[in-house]
Amino acid sequence: MIIERATLAFITVIAVLVGGWAAWSAAQSGHDALTIGSLVYGAVAGLLAKVFGGSAIAVVVRSLALILGGVLGIVAALLLGSGAGIHLTPTTT
């Protein structure tokens, strides 16, 4: 069964938040934040995929693709804005 886009977005947001919290907690206690965060992200996304009746591997891959697409979209927007003379710099007033 294929999970709908809205459910995939929900799974991605929850998995990112829990994975980020796990990575932050691991970094605070001196452990490898990237490994812990990635493992927790994959486990949460896979578990939520099973709860919603989908394939865990397919949902994790689609979720990572969704995140990658978002990051690339932000980078492209910043580069296009920079080329147009729009810069994101802090102002002091």
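The values are calculated or read from the model by the stated rules, or taken from the named source; none is laboratory data. This structure is a prediction, so every number in the text was calculated from the model and none was measured. So basically every Cβ, Gly included, is an ideal-geometry build from the backbone, and we count neighbours across all protein chains shown. These accessible areas exclude ligands, DNA and RNA; they are computed on the full protein's heavy atoms, side chains included. Shrake-Rupley method; radii C 1.70, N 1.55, O 1.52, S 1.80 Å.
Some observations on this one:
- Pairs are defined by a Cβ separation below 8 Å, a sequence spacing of at least 6 or placement on different chains, a first member in the stretch 9-37 that is touching a residue at least 24 places away in the same chain (Cβ under 8 Å) and more than 21 Å from Ala56 (Cβ to Cβ), and a second member that is open to solvent by 50 Å² or more (accessible area, probe 1.4 Å) and in a loop (DSSP other than H, G, I, E, B); no pair meets this definition.
- Within the stretch 1-36, the set of residues being out of contact with any helix residue (DSSP H, G or I) (no Cβ under 6 Å at 6 or more places or on another chain) and among the polar types (S, T, N, Q) comprises Thr7, Ser25, Gln28, Ser29, Thr35.
- Flag for Ile67 being in a helix (DSSP H, G or I) and crowded, with 17+ Cβ neighbours inside 10 Å: no
- Scanning the stretch 14-36 for residues that are open to solvent by 80 Å² or more (accessible area, probe 1.4 Å) and not in a loop (DSSP other than H, G, I, E, B) yields Leu17, Trp21, Trp24, Gln28, Leu34.
- Close pairs (9 angstrom Cβ cut-off, 6 or more residues apart or separate chains): open to solvent by less than 100 Å² (accessible area, probe 1.4 Å) in the stretch 79-93, of a type outside the set (A, V, I, L, M, F, W, C) and at pLDDT below 75 anywhere: Gly81/His87
- For the stretch 37-58, residues that are touching a helix residue (DSSP H, G or I) at 6+ places or on another chain (Cβ under 9 Å) and either crowded, with 17+ Cβ neighbours inside 10 Å or among the small types (Gly, Ala, Ser) (or both) total 15.
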